[in-house]
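Okay, structure first, notes after.
The values are calculated or read from the model by the stated rules, or taken from the named source; none is laboratory data. The structure displayed is predicted, hence computed values, not measured ones. Every residue, glycine as well, gets a Cβ built from its backbone with ideal geometry; the counts of neighbours run over all protein chains shown.
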Amino acid sequence: MKKSPVRTIVAIGIGAALFFVLGRFVAIPSPVPNTNISLQYGLLAFMAAIYGPIAGCLIGLIGHALIDFSYGWGIWWSWVIASACFGFLIGLVAKRVNLADGEFGKKDILRFNLFQLVSHVIAWGLIAPVLDIVIYAEPANKVFVQGLVGGIANIVTTAIVGTLLCVAYAAAKPKKGSLKEEK
Amino acid sequence: MTNIFNYIDRPSPIHRLTGATKLVCLLLWSFAAMATYDTRLLVSLALLSLVLFRVSRIGIRDVSFMLGFTAVFMVLNNLLVFVFSPQHGVELYGSSHVLLRLGGRWIITKEQLFYHLNLVLKYLATIPIVLLFVCTTNPSEFAASLNRIGVKYTIAYSVALALRYIPDIQREYHEISQAQQARGIEMSKKESLVKRLKSASAILIPLILSSMDRIEVISNAMELRGFGKNKKRSWYMARRFTKWDILAMLGSALLLAAAILLNIKNGGRFWNPFI
């Protein structure tokens, strides 16, 4: 499928709107009090896998910034940037996984999850805490534990929600070469 | 539901500034507050932002909902910092004045309290300005302002699309969620966590697949109208700069310059009253 630049722009807009709605209004209570499980990273991984790294980066950036604005605590730049980086990194998979052709088998599931794991570890285990230290001069052990907890939660939700979305999307697409010429 | 960003239209000098100006000021201001840990500057920024709040005619009641979120976030963050690193202040300021021993490594020192004071001040210096921006900037003007400050118009348009479709997607989510709940999916605490995530996916899948169709429809419509053909684009909500806009931007630039100068003068980001 050839992607027009206009489609990517629209995908960024709609993706950011979805990211916002999931992050802001769809809260699943978790066992830890006052902590909700954020589903938006599963969506972000899925959108980035279809529309590529630039779209993933901008969906994370715009979506997360809008969430922060609507809560009113300003832009928590370090975490916004980490979201954007996660979108970018996972978008690099797009070349490997052929979602648009309706193929998402066991191998692709494995690859997708491996990539999301690595991207989450880089985003929340490295980028977010380091930026917290550089920008806000917060104590190192605190930000790394925070990043770790957030990262693990995001890995689990992405593994479940992201994979299910990819499978469902691939199933809804006609497979490449599924039509045969009648003779 | 339509006003998630809490835009409040009132006649005030701040409302009259263009969106682009307010965006530039917000960025400069938040960079200034981010760059410095100088208590004197943070106090002045916090006080100045309260004055601006007054000028904008936005009352505390208008933003109490958002303030609540922020207050919880601020308290939690401070507690976490103390639990994890009770000696952070001592490390930063290089001296130790013990006030109270709580047992173990949790010793309250003047330095630590001073660090927490600065942390709180950092919130107080930025949050009123963000709230001010959110309450006084029309979301429709926001995208036009992004383009004005040099963001490519295609990306500014993505932001405009996001703002435009958030209410639609929210409504759709609500509808799908109720339909699925009528069919018996459970999302409350009664179910196990994995089960809950799975039932959330039962809502997400229809929502996202229909959004994918929406992307097709919108992008086709835009392409048919020749979107992205020209290098520039005009905005319905764009406005011209007045002298007040220029003054506001200059003022914010001065604040950032002050933050940088103080950092150089203090030989670091911290102003140390303990020496």
Matching residues, the stretch A:100-127, being within 14 Å of another protein chain (Cβ to nearest Cβ) and within 19 Å of residue A:157 (Cβ to Cβ): A:104
From B:209, B:261, residue being within 13 Å of chain A (Cβ to nearest Cβ) and surrounded by fewer than 18 Cβ atoms within 10 Å (Cβ to Cβ): B:209
Verdict on residue B:169 being β-branched (Val, Ile, Thr), free of Cβ contacts under 8 Å to residues at least 60 places away in the same chain and over 23 Å from residue B:241 (Cα atoms): yes
Sole exception among (1) touching a residue at least 60 places away in the same chain (Cβ under 8 Å); (2) more than 30 Å from residue A:6 (Cα to Cα) for residue B:232, by number: (2)
Residue count, the stretch B:22-76 (criterion: touching a helix residue (DSSP H, G or I) at 6+ places or on another chain (Cβ under 7 Å), farther than 17 Å from residue B:116 by Cβ and among the charged types (D, E, K, R)): 2
Test set (1) in contact (Cβ under 8 Å) with a residue 12 or more places away in the chain; (2) assigned to a helix (DSSP H, G or I) - residue A:103 fails condition number: (2)
Condition check for residue A:14: touching a Lys or Arg at 6+ places or on another chain (Cβ under 7 Å), facing another protein chain (nearest Cβ under 9 Å) and at pLDDT 85 or above: yes
Members of the stretch B:119-158 that are over 30 Å from residue B:51 (Cβ atoms), at the interface with chain A (Cβ under 7 Å from one of its Cβ atoms) and hydrophobic (A, V, I, L, M, F, W, C): B:155
Condition check for residue A:45: more than 25 Å from residue B:34 (Cα to Cα) and either under 12 Å from the mean Cα position of the chain (by Cα) or modelled with pLDDT under 85 (or both): yes
